[in-house]
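The values are calculated or read from the model by the stated rules, or taken from the named source; none is laboratory data. In this text the structure is predicted, and so the values were computed from the model without any measurement. Ideal geometry is used to build each Cβ from the backbone, glycine not excepted, and the neighbour counts take in all protein chains shown. Please note that ligands, DNA and RNA were not included when accessible areas were found on the heavy atoms of the full protein model with its side chains. Shrake-Rupley method; radii C 1.70, N 1.55, O 1.52, S 1.80 Å.
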Amino acid sequence: NALQAIVSKDLAEKVSLALMGSDKIHDSMKHVFGKGGESSYEGFVVESLKLLATPPGSPPQLPHADDHCTSCLVGIVHLKDDQLRTRIAKYNNKQDYPTGITSTCDNCQRDEQLPDADYKRGVHLTTEKWYCGHCNKPARPYDFEKKLTLAFGELLENPDIADAHAGECPKANDGILALPTMIHCGPGNPSASTEHRIVLFFTVRPLYKNTKQLTAGVKKQHKYNEDLQIHAPCILYHQFQKTLRIYEHAGCNLRNYSSFIVGANAADLTRLKTDLARARTTIASQEKKIEKLMLRLGEGDKDTSSEK
């Protein structure tokens, strides 16, 4: 519900330098990514700079998290005084967020999904050894969808989960720095407002030393992606895809049943799509006729002027 504008290259460089010089950001990044084990964290890079402008009359966002694991820190800076604050939900720092990254245990040599706590140290990217911690027990199956639902399941049942506000009433240049797994939502902008709500959005991604050579084609590092926000529809989609796979492995095809359930709506959408295509064809035809008519009128004006 917000308009997005990319920051120009020159301005982005100036903003990045200012953020790189922030002691609070340095301390926060070291606290999150530089703790535990032999963390190879050695700094960060500023990314995803953009302006978000929310026009008057815009409703609040759906509650969501910016990522399914701790890939970075997310920042918002207010560019005007007394703007509405971002709404946030209570954060559970004990939650095991799904990383979607597998790593090999250096003891039992089994591949397992890397826990978020170890992922933050960058063990999948560096020469640091990693131990699963349960080598003498059965392997834990890779189940991204289950972990996703356990970590963010509240989004399915509580649309008002973001019931608190981040910080005090902000002034220009005030901001927040948060974990990407924190559930939050933009507050929208009431119809009575006379101005857009404008904030600067950015992410700060950790950099690591002692990086290892990875197999060709393997992702070096999971990065923030604005198109992969974790909200209720995202969780439902992943659970639906998981259920389809489970039944397919058992020799059953649920796709026919799902088509039956949504068949009526699908038919309506198909009809609307067909009607829209016809309308576009008609409009295109009319536009061509108008262009020809305008050309003729233009030629007529030239003839009239030449006679004069």
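Among the protein heavy atoms of the range 89-140, carbon and sulfur supply 43% of the accessible surface, probe 1.4 Å, non-protein parts ignored.
Mind giving me the nanometre distance, one decimal, between the label points for Val15 and Lys146, set 7 Å out from Cα along Cα→Cβ? It works out to 4.2 nm between the two label points. In the range 1-77, taking the dipole from charged Cβ atoms about the Cα centre, the farthest positive-side position among Ser40, Cys69, Pro55 is held by Pro55. Shape class of the range 123-188 from the Cα gyration tensor (axes a ≥ b ≥ c, square roots of the eigenvalues): oblate, since a/c reaches 1.5 or more and a/b does not exceed b/c. Compared with the alpha-carbon gap, the fully stretched path from Ile6 to Ser193 is longer by 64.9 nm at 0.36 nm per residue. Which entries of Lys14/Lys129; Lys9/Lys209; Lys35/Lys146 have Cα-Cα distances beyond 32 Å here? Violating the 32 Å Cα-Cα cut-off are Lys14/Lys129.
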